[in-house]
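Derivation of every value follows stated rules applied to the coordinates shown; laboratory data play no part. Just so we're clear, the structure is a prediction, and the values are computed from it rather than from any experiment. Heads up, the Cβs are rebuilt from the backbone with ideal geometry, glycines too, and the neighbour counts pull from every protein chain shown.
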Amino acid sequence: MVSSAVESRRRFSLGVVRPTLLAPLGIALALPLLVRFNAYFLGVAAEFVIFAIVALSLDLLMGRSGQISLGQSGFFAVGAYTTAILNARSHLDLAVALPAAAALAALSSLIVGFPAERLRGHYLGIVTLGFGVAVAQIALKWSALTNGDEGVRLETVRLFGVDVGAPLHMYYVALAVLVATIAFSFNLARTRLGRAFAAVRDSEIAASAMGVPVARTKMLAFAISAALAGVAGGLLAALDGFIAPEDFGITQTLLFFAMVIVGGLDSIAGAIGGALIVEIVSQIAAATNGLSLLILGSTIVVVALYFPSGLKGIFARLAPDAER
Amino acid sequence: MEIIPQIVVSGLAEGSLFALAALGIIVIFNASQIVNFAQGAMGVAAAYVAWFSLTVLHLPFVLALAAAITFGFALGVSVETLLLRRLQDASTMTQMVVTLGLFMAILGAVGALCGYNPRAFPELWSQHSFEFGSVILRPQDTLNFAILGTLAGGLTLLFRHTKLGLAMRAITQDRFAARLMGVSLTRTLALAWGIGVALAGATAVLAAPVTTLTPGMMDSILIYGFVAAIVGGFGTFSGAIVGGLVVGVIDNLVKTFLAPELSLTIVFGLLLLVLYVRPNGFFGRRVAQKV
Amino acid sequence: MLACRGVSVRFGGLVSVDDFDLDLPKRGIFMLVGPNGAGKTTFINALTRLCPVAAGSIKMDGVEISNVSPDQVVEYGIARSFQKAEVFGGLSALDNVLVGLHAQTRTGLDGALGLPTARREEFAARERALRALEEVGLAHVARSRASRLPYGYQKLLDVARALVSEPKLVLLDEPFAGVSEGEVHTLRDCVRRAGRERAVLMIEHHLELVMDLAVRVTVLDFGRKIAEGPPAAIRRDPAVIRSYLGTRSGTS
């Protein structure tokens, strides 16, 4: 009877390096070689990595903290525009522009995070939906700041002084951020704050009885999620060298949403897997934009009806003992 | 200052659309406790049906509108019967996921079938404008009022004086008791969804001449419709209608005096303020949780 | 330690708790009983600030707490379990209990960054949590998801979670309801041990199980205290017998 307790003591660690991660990490690192440094493929791969970061951010918010967010594209956009504008107007290095993107996105999340305490389920969904649409509208109409529908073109993208504009470089930069995000999410889930998020999700009443400040915790979940999505947005701006309002909006939000639903809520591997599937479908069906939405939309419906745990459920059956 | 009456009247005309949108959402929500996030997309599909009727089949406006409404009705019934029925006991999150999935799928289908280029939607009713003193009522405005009045009136009649309406009110109050009384839950739900989506279709058809026909045309109106529904307390029809009209007037005031192009953002901001003061809208009830 | 005076709780026009007085010292096992609907859980909810106190005062070690917010209650040394085990279904049993230590730990984002101070605190917390699970006999399911545990285990988990922070006062709302025969023994020992180190206020319907544990019983009916005293006396009190067996009009 005590052996499981001993097991728990032994197996707990806040480390990042685990055997199961080495293989995917190795492939990811070697990918440029595998695709013979083809710039187009590297661009697609970098985009996938960036979307995986957003998927993780959304999973943190919806999966782990149980806060419905239909406006993730809003945080993504804030981060992208912050980075682009800082780059285009002040030629700021990514080392400054990316943290700025994170900070501004987190700040913008207060708009929805603050009322999140009082808003349940549907209302929160509607408010976050409105947020995403409002941000897209601001991007389109506040021409003085965002150049309206002409978009923002970035100058040379530098990280710590080094020119990293090429898809190959951005791929590795994004990958580094993704790995850091994975480590962060992994550790978060297994420590006090991550538990507090899950507690608020599962039972606000019991959580507050344990001393968890529910309102503040929800705001924090929004802020962290927004910061991550903001960084991802900044990375996308750096990768594409150009952003315009049509990159952000309801369609983008729906795609992010699809990633975490297909991947299964509250699962790091699921979020990444979901991002991969959405990216692949988007690439295959890229010719007719509508087709990818149709496929993914139908997939979401099927998943919700028949496979509620998404990819996470499938992973769990394959490796029942793995911790997340 | 003389333009205020005009702004108010135009705002009311615009608000009629929001009211219709909110009505559709509320009808569905009251019956099934599900918020139909796909409401806009479903309306768009119906609008395309109307467009087809008008430009290809050369049907008169009334028939085209009827076609859209019928299509919407059929779509709503199918979606409820085939998909949502299984979700009656699922969590809010799951229901939201399915309606969002439908949103994507329908949007994608429409885009794939009809393309993303905006199409001009023919003028529905090219009668002349009416003038009341300094206020001009454009044909579009009159039409909006007329359709809102007709549909809202019809809806009220349905709910107050028919068996179906009674059934719908019953399942809103107490599903179990309603079934004990012999109400067919499945039939009533299907019809509620049919009516709700039919309303979405009507909304889209009325909006199309202004927004032009494109898959994303209802995105803004969907938001306004939700705002209206929330302001109206997410419960009663009168709340939805009043909410819609109020939002329309405020939106028009903002457009004229503050910032013509950021009105949705500002209205959204106002919604947040309202929700902060009254988390359940103006006519809503607080729902307590038992421990 | 705990001093409640004239506590009243109202819901609309209905008075659920009416002018209720209760005193609890630092140690011992005390019971709150009464027929269904008497107001026992409502009182606990008021004490833990889940519902507003319409009148009266609640003082913990001399400090008035009838106005604090629910998440501050645990800082005053009060912890509780729930009538329907409110476990965190998506977390493991161990994680559930760890949340019980939330107020006594401080790790925030530094935990996500894996900093050494965070690790130390986390290790220490896990030790305490595991011991709490052992107390209620759940150590063997420490890593199981709470939503997959049988209901009886969930109730035990609820208790472990309340006890882990070593509170001054622990409120147990029908802890034995839904617990299987095998676990009753473990739970009784656990409650008895807890009563030696802190104050335990227990609501319970399974009177035979716990009457011998309690040192004093308070009886509520229609929100009012109708009797208070040692178990033996309460068992014979005519007012108590009447309220449980006599004719009552309506409430449940």
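Side notes on the structure shown:
- Think of each Lys and Arg Cβ as +1 and each Asp and Glu Cβ as -1; about the Cα centre, that makes the dipole of the range A:13-318 roughly 880 debye.
- DSSP H segments from chain A that extend 18 Å or more along their own axis, Cα-based, with Kyte-Doolittle mean of -1.0 or above: A:19-34, A:39-58, A:72-90, A:94-108, A:121-141, A:167-189, A:214-240, A:250-263, A:268-284, A:289-306
- Span-like helix criteria (full DSSP H runs; alpha carbon extent of at least 27 Å along the helix axis; mean Kyte-Doolittle hydropathy of at least 0.0) are satisfied in chain B by B:4-32, B:61-82, B:92-114, B:139-161, B:185-211.
- Translational D in µm²/s for the protein assembly as shown (Stokes-Einstein at 25 °C, 0.890 mPa s, Kirkwood Rh from C-alpha pairs): 83 µm²/s
- Computed from the C-alpha gyration tensor, the three semi-axes of the ellipsoid equivalent to the range C:131-252 are 30, 17, 12 Å, from longest to shortest.
- Protection proxy ranking of C:78-90, B:10-22 - average other beta-carbon atoms within 10 Å, highest first: B:10-22, C:78-90
- Averaged over the residues of peptide A:132-140, the number of Cβ atoms from other protein chains lying within 10 Å of each residue's Cβ is 4.
- Between the Cα long axis of helix C:151-163 and the first principal axis of chain C there is an angle of about 80°, rounded to the nearest 10.
- 13 Å beta-carbon shell around C:ASP110, net charge (K/R +1, D/E -1): +2
- Dipole of the range A:13-318 [Lys/Arg +1, Asp/Glu -1 at C-beta], most positive-end residue of A:TYR123, A:ALA88, A:LEU236: A:TYR123
- Net dipole in debye of chain C [+1 Lys, Arg Cβ; -1 Asp, Glu Cβ; about Cα centre; nearest 20]: 60 debye
- Hypothetical label at C:THR186: residues of the range C:153-176 whose amide nitrogen lies under 20 Å (7 Å Cα-Cβ projection): C:153-166, C:172-176
- Ellipsoid equivalent to the range A:189-324 - semi-axes via the Cα gyration tensor, in Å: 29, 21, 14
- When the Gaussian network model of chain C links Cα atoms closer than 10 Å, the mean-square fluctuations of C:GLY114, C:GLY223, C:GLY178 top out at C:GLY114.
- Cut-off 20 Å (backbone N to label point 7 Å along Cα→Cβ of A:LEU110), residues of the range A:224-259: A:224-231
- A run of chain B free of exposed loop cleavage sites, with trypsin sites (Lys or Arg not before Pro) counted only in DSSP states other than H, G, I, E and B and at most 12 other beta carbons within 10 Å, reaches its longest extent at B:1-284.
- Positive-pole candidate from A:ALA207, C:THR186, A:SER185, dipole of the protein assembly as shown, charges at beta carbon: C:THR186
- Per-peptide average of other Cβ atoms within 10 Å, ordering A:64-74, A:246-256 highest first: A:64-74, A:246-256
- Candidates B:ASN144, B:ASN36, B:ASN117, ranked by Gaussian network fluctuation over chain B, Cα under 10 Å, top entry: B:ASN117
- Each peptide in B:127-137, A:261-271 receives the mean, over its residues, of other Cβ atoms within 10 Å, and ordering these scores from highest gives A:261-271, B:127-137.
- Cα centre as origin, Lys/Arg/Asp/Glu Cβ charges: the range B:4-277 dipole, Debye: 780 debye
- Neighbouring partner chain Cβ atoms per residue of A:303-310, average, 10 Å criterion: 4
- Total formal charge among the other residues, if their Cβ is under 15 angstrom from that of A:GLY249, Lys/Arg +1 and Asp/Glu -1: -3
- Between C:ASP212 and A:ARG153, the simple label model (points 7 Å from Cα in the Cβ direction) yields a spacing of 8.9 nm.
- Between amide H atoms placed 1.01 Å from N, distances below 5 Å from C:PHE20 occur with C:GLY6, C:VAL7, C:SER8, all of them 5 or more places distant or on a separate chain.
- Global geometry of the range A:13-318, whether rounded, prolate or oblate, following the gyration tensor of its Cα atoms and the 1.5 cut on a/c: rounded
- Taking all C-alpha pairs of chain B, those more than 37 Å from each other amount to 12 percent.
- Take each residue in B:250-261, count the other chain C-beta atoms within 10 Å of its C-beta, and the mean is 1.
- Along the axis of the charge dipole computed for chain B (Cβ charges of +1 for Lys and Arg, -1 for Asp and Glu, origin at the Cα centre), the listed residues B:ALA45, B:PRO139, B:LEU180 are led at the positive end by B:LEU180.
- The P(r) of the range A:133-259 has a tail past 18 Å containing 66 percent of all C-alpha pairs.
- Between helix C:116-135 and chain C there is an angle of about 40 degrees, using the helix long axis and the longest principal axis of the Cα atoms.
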